[in-house]
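The values are calculated or read from the model by the stated rules, or taken from the named source; none is laboratory data. This is a predicted model, so every value here is computed, not measured. Every residue, glycine among them, receives a Cβ derived from its backbone with ideal geometry; neighbour counts consider all protein chains shown.
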Amino acid sequence: MDSSVLFNIFIFLTAACVVVPIASRFKLGSVLGYLAAGILIGPFGLGLIGDATKIMHFAEFGVVMMLFVIGLELEPAMLWRLRKSIVGLGGLQVCVTSLCIAAIGIALGYAWQISLAVGMGLSLSSTAFVLQSLQEKSLMQTPVGENAFSVLLFQDIAVIPILVLMPLLALHNHETTHTTGVLAGAAGWIQAGAVALVIASVIALGRYASPHLFRTIAKTNLREVFTATSLALVVGITLLMQLVGVSPALGAFVAGVVLANSSYRRTIETDLEPFKGLLLGLFFISVGMGMDFALFDKYPLSLPLAVLGLVCCKAFILFVLGRYFGLNTEHRIGLAVVLSQGGEFAFVLFQFAGGLGIFNAEQAKFLTLLVALSLATTPLLMVFYSSVIVPRFMTVLPHRDFDAIHEQNSVIIAGFGRFGQVVGRFISGQGVKITVLEKNPEQIELLSKFGYKGYFGDAERLDILRNAGAANAKLIIVAVGKIESCLHIVRLVREEFPHVTIFARARNRRHAYELHKLGVTYFKRETFDSSLTLAQKAMVFLGNNEADMLYKAEQFLRHDEATLHKSFEFFENEPQLVNFGRLRREELERILQQDSGDRASSA
């Protein structure tokens with residue numbers, strides 16, 4: 001292998017390993033770290049790699065693989081569930097943003113063809129950037145994450161008609177049109193027809209030929225052959241789309257959608273995931289390398305204003321649209337923040353439009369730097385959103401007043417989730433009156449639908465406990481999920497109502513130790529019994545005697561409870577605790593094995 005190639009690979013990997021962890025440490029996201037790494041090693045940084053153009057062409061393969069994997073995820077059930085936000089919110093965002101940016105371009109004196117091409121390109125956000133950022137901040141399952149995913153999904157689909165429309169815009173351009181494929185020099189309508197034909201061919205082959213191909217490969221039982229076939233599929237689509245001068249990502253996305261219902265979808269996705277992550281990182285590094293900072297000297301005011309205008313325009317449109325799709329203010333701000341940047345498809349679209357002669361090379365460089373700089377603003381905006389906006393709205397959102405408690409019973413249950421419900425149903429089912437305190441109003445409303453009575457109240461507050469009759473209660477059962485909340489309630493009850501007996505839910509052994517120190521009469525680890533029961537059933541399934549396994553489970557339970565309470569004597573002394581744990585484990589093994597032998601000999 002050429003030593004220069006090895007050197008470039010070494011520089012890429014080293015830069016990523018150094019810069020990306022630093023960016024993640026400051027919660028800026030790995031994508032911004034890749035961009036920073038590219039800037040560091042590129043011509044405007046240390047100059048370790050000077051020519052970013054060749055690397056950029058290779059790195060685009062990461063976007064190709066990402067779109068293929070996204071296409072694989074488009075299951076009909078999910079699309080139907082999100083149809084309103086995908087078609088409605090996503091469609092309006094792309095159309096309104098494209099038209100607004102196009103109108104601004106026309107107002108600034110640019111031709112409508114250029115303005116519309118730029119508007120369509122800048123209407124797209126970064127799928128790779130946003131999804132990775134949402135996953136890193138655990139926002140994918142929130143309203144912000146779901147709606148952002150829907151908009152990104154529509155944007156990815158919208159790339160198809162945008163790529164078809166681009167050659168038609170070139171028909172009205174006075175510059176010479178050209179493309180890089182076999183259709184070089186052909187008329188725009190011929191290029192558009194060829195793209196449609198190729199896409200139709202990809203759909204047909206994916207729908208009818210791929211099942212037989214993957215079935216044949218699967219029969220070999222060779223995982224590396226299946227991986228090679230998956231890679232060959234993506235590479236083949238890339239070559240086919242390049243042949244007609246169209247972005248390979250388009251064909252890869254279509255192929256992924258076609259294979260979404262394949263029985264081999266999960267295997268293909270698993271095989272390609274490592275390659276996708278690595279190549280996407282390479283793509284963003286190459287984008288950082290290709291940022292032409294010399295444009296700052298030529299456009300010292302225009303470029304920053306363009307970045308600010310793009311981010312504000314897209315954020316404002318998304319904020320307004322979110323209102324008509326049932327999002328509250330906090331979620332609308334979050335949606336506006338995460339989708340305010342340009343996207344990786346803009347790099348591809350602008351390169352394609354430049355090849356068609358819609359705008360010149362300098363305009364393409366300007367737009368590329370504009371998109372890259374807008375990408376850099378998103379992690380900073382997300383940090384501001386998560387650290388400033390969310391806490392502020394959490395304190396000002398209207399809240400429901402705690403319920404007035406009009407009864408006082410001998411038993412109070414604090415927390416009525418999955419653990420507290422079992423306890424409450426068992427006790428109240430035998431005629432014992434209980435007072436249920438739950439600080440989640442949605443949980444209270446859900447329980448009322450099933451005929452259970454509970455009060456919306458926070459058991460961590462002394463006034464709530466007093467109103468619930470804690471002073472006259474015999475037993476308080478603390479079944480809340482959070483360890484800190486549980487310990488706070490126990491301390492409060494111990495200090496203010498020392499005569500009351502406390503039973504508590506323990507999350508783990510450490511929590512059990514803390515409850516023991518506070519003098520809780522009885523505690524139960526929440527998953528211990530269910531885990532032990534499952535283990536017992538597993539041994540029976542494996543051919544062991546059911547009565548024997550029941551007896552051993554009882555032995556295990558008694559031994560573990562005794563070990564737990566004994567360990568409290570030196571729980572803070574880790575070396576002694578570890579040594580004690582090893583000794584008790586060996587003792588348990590001897591007990592279970594000896595007992596098994598005794599029962600076998602007496603049979």
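Quick notes
- Checking Phe523, Phe571, Phe497, Phe503 one by one, the residue that is over 20 Å from Leu475 (Cα atoms), aromatic (Phe, Trp, Tyr) and either at pLDDT below 85 or assigned by TED's automatic domain parsing to the domain that holds Glu460 (or both) is Phe571 and no other.
- Considering region 447-483, the residues that are hydrophobic (A, V, I, L, M, F, W, C) and surrounded by fewer than 16 Cβ atoms within 10 Å (Cβ to Cβ) include one that is farthest from His511 (Cα to Cα), namely Phe450.
- Apart from one condition, Ile444 fits all of (1) buried (at least 19 other Cβ atoms within 10 Å of the Cβ); (2) of a type in the set (A, V, I, L, M); (3) modelled with pLDDT of 85 or more; the exception is (3).
- Residues that are hydrophobic (A, V, I, L, M, F, W, C) and modelled with pLDDT under 80 were ranked within region 354-379; the one that is nearest to Val287 (Cα to Cα) is Ala376.
- All told, Leu588 meets the bar of being of a type in the set (A, V, I, L, M) and either surrounded by 12 or more Cβ atoms within 10 Å (Cβ to Cβ) or farther than 30 Å from Val480 by Cβ (or both).
- Restricting attention to region 124-167 and to residues that are in a loop (DSSP other than H, G, I, E, B) and in contact (Cβ under 8 Å) with a residue 60 or more places away in the chain, the residue that is farthest from Phe384 (Cα to Cα) turns out to be Leu124.
- Filter result (under 35 Å from the mean Cα position of the chain (by Cα) and more than 22 Å from Cys486 (Cα to Cα)) within region 514-545: Ser531, Leu532, Thr533, Leu534, Ala535, Ala538
- The residue list Gly105, Gly88 contains one member that is under 14 Å from Ile157 (Cα atoms), part of a helix (DSSP H, G or I) and out of contact with any Phe, Trp or Tyr (no Cβ under 6 Å at 6 or more places or on another chain), which is Gly88.
- When Leu335, Leu310 are checked against the criterion of being at negative phi, in contact with a Phe, Trp or Tyr (Cβ under 9 Å, 6 or more places away or on another chain) and touching a residue at least 60 places away in the same chain (Cβ under 8 Å), a single residue qualifies: Leu335.
- Of all residues in region 12-37, those that are within 18 Å of Met291 (Cβ to Cβ) and either at pLDDT below 65 or not assigned by TED's automatic domain parsing to the domain that holds Leu48 (or both) total 2.
- Taking the criterion of being modelled with pLDDT of 75 or more, in contact with a Leu (Cβ under 7 Å, 6 or more places away or on another chain) and within 27 Å of Gly71 (Cα to Cα), the residues of region 165-197 that qualify are Met166, Pro167.
- Residue match in region 461-482 (condition: touching a His at 6+ places or on another chain (Cβ under 7 Å), free of Cβ contacts under 8 Å to residues at least 40 places away in the same chain and part of a helix (DSSP H, G or I)): no
- Scanning region 85-104 for residues that are touching a Gly at 6+ places or on another chain (Cβ under 9 Å) and at pLDDT below 90 yields a single hit, Leu89.
- Within region 416-443, restricting attention to residues that are without any contact (Cβ under 8 Å) to a residue 40 or more places away in the chain and of a type in the set (A, V, I, L, M), the residue that is nearest to Ser485 (Cα to Cα) is Leu437.
- Some residue of region 548-563 being out of contact with any helix residue (DSSP H, G or I) (no Cβ under 9 Å at 6 or more places or on another chain), more than 27 Å from Ile434 (Cβ to Cβ) and in a helix (DSSP H, G or I): yes
- Test: residue in region 338-345 that is assigned to a loop (DSSP other than H, G, I, E, B) and closer than 15 Å to Val64 by Cα: yes
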